[in-house]
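Before any comments, here is the structure.
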Amino acid sequence: MSGLSFVILRQLALAGILGCLLVGVGFNLIEERGINDFLLALTTPQSEDLVDANAGEQDIYKIMLEAVHRRSVIAQVFDNEWNPRGETADPRHDSLRPMLEGRTQTFPRDAGRHKHIIRIGEAIVVQIQIPVFDADEAQAGFLSGAFVVPGRISEQLQQHFRYAMLAVVAAVLLTAVLLYPMILALNRQVLQTSHQIMRGNLEMAVTLGTAIAKRDSDTGSHNYRVCFYALRLGEAVKLNAADIRRLIIGSFFHDIGKIGISDTILLKPGKLDDEEFAAIKQHVSLGLEITRSSEWLRSGSDVIEFHHEKFNGSGYLKQLRGEEIPLLARIFAIVDVFDALASRRPYKEAMSSEEAIALVREGAGSHFDPRLVDIFAGMATRLHTEVANLGEKQLGNMLLQKISYYFLMPDKVPLMP
């Protein structure tokens, strides 16, 4: 099972459990209300059961008590002025009477019909207070008491409730199971579209970054190498995935502002004068301006804006010092200079990785963050050996595979043609 399938399955399982709880609570309330209505109807005596058309006034209360005797824990009758006229109880339910103490409901003394259900262990007791009428529909008094639901009916109701609850849970879980392949298919479509969009963005980053690098170099390999070095150094200092992605974007587009610099200055083989150097420094602000309209490109702004700052505050454009310089820019500054030293350019030969890292070490504390220099020095020669003999196409494909772990699933990354 793939990671995505497991995540979807886990989320559906959680949703199913939550759905069972929510639906179960709702069903419980509805079903309990229905059961309670049934129990009240079952246990509440009807007026026609309580009176006899031929009975005198004194016999009416006796008839009431006789009608409810076999179902009552205790029952009392009152006349219309709430004077007690009699009481009865079924001895079979005497054991329940002590358990009712403190649990019965005190109803208002009015002509309304009041009901309350009490559960005592396996027994269901229904407490009622109702007005009763004679055959002429004249109110004859009030009946108040606690009535036991027959055990057989109580058991049937509980069994019905259990079966109904199981049916609800099964329906919710079955729905989740049926939804799983549908959601998985939809997520695959969404991921495929996302991969295509991200692949396009990565291809654009590689292509545009290479084009920018070729403004002052004969290949785009420098961009690939510095991005690779920055990625590995970022991993070594335990950057999170989001910062790694920002570092990668910044590495590809660190010199994007050079698009706006004159070739006369950019490609000048000799040393730049003060005016020319002031002009070339503007590639930083030009880079920020170019990437400002794209949220994706703007994510690399820390590197674009600050990769020429120096640890002692002598860099540009803002003369930031020490840890005022964003960490991503401090990382990139090291690998950018290292690759420039260790690479052949039209105006110089390449240094060995040992010579290059020795010069980088000399800049620790002045140009570079010394802590990061120490970390990179321990891995520089190995990383340089990994990429030194790769051609531009090989570098590009290798780098796409590396950065795929942060942007795409590894098996979805296309190789460069």
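The values are calculated or read from the model by the stated rules, or taken from the named source; none is laboratory data. Remember, predicted model here, so these are calculated numbers, not experimental data. With ideal geometry, Cβ positions are generated from the backbone for all residues, glycine too; neighbour counts draw on all protein chains shown. Note: areas computed on protein heavy atoms with side chains; ligands, DNA, RNA excluded. Shrake-Rupley method; radii C 1.70, N 1.55, O 1.52, S 1.80 Å.
Listed values, structure above:
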read-out	value
Residues located in segment 306-338, provided they are of a type in the set (Asp, Glu) and open to solvent by 40 Å² or more (accessible area, probe 1.4 Å)	Glu323, Glu324
Search result, residues across segment 273-290 that are open to solvent by less than 40 Å² (accessible area, probe 1.4 Å) and in contact with a Gly (Cβ under 7 Å, 6 or more places away or on another chain)	His283, Val284, Gly287
Number of the exception - Pro370 against (1) modelled with pLDDT of 95 or more; (2) closer than 25 Å to Ser285 by Cα; (3) of a type outside the set (S, T, N, Q)	(2)
Search result, residues across segment 90-148 that are within 12 Å of Asp79 (Cα to Cα), surrounded by fewer than 19 Cβ atoms within 10 Å (Cβ to Cβ) and of a type in the set (S, T, N, Q)	Gln139
Subset of segment 69-113 [over 23 Å from Gln139 (Cα atoms), within 55 Å of the chain's Cα centre (by Cα) and free of Cβ contacts under 8 Å to residues at least 12 places away in the same chain]	Ser95, Pro98, Glu101, Gly102
From the options Ile248, Ile259, residue that is assigned to a helix (DSSP H, G or I) and under 14 Å from Gly287 (Cα atoms)	Ile259
Residue list for segment 351-378, restricted to those being open to solvent by 50 Å² or more (accessible area, probe 1.4 Å), without any contact (Cβ under 8 Å) to a residue 12 or more places away in the chain and over 43 Å from the mean Cα position of the chain (by Cα)	Met351, Glu362
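Condition check ((1) hydrophobic (A, V, I, L, M, F, W, C); (2) under 35 Å from the mean Cα position of the chain (by Cα)) across all residues:
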{"site": "Lys258", "(1), (2)": "no, no"}
{"site": "Ala279", "(1), (2)": "yes, no"}
{"site": "Ile290", "(1), (2)": "yes, yes"}
{"site": "Ser294", "(1), (2)": "no, yes"}
{"site": "Ile304", "(1), (2)": "yes, yes"}
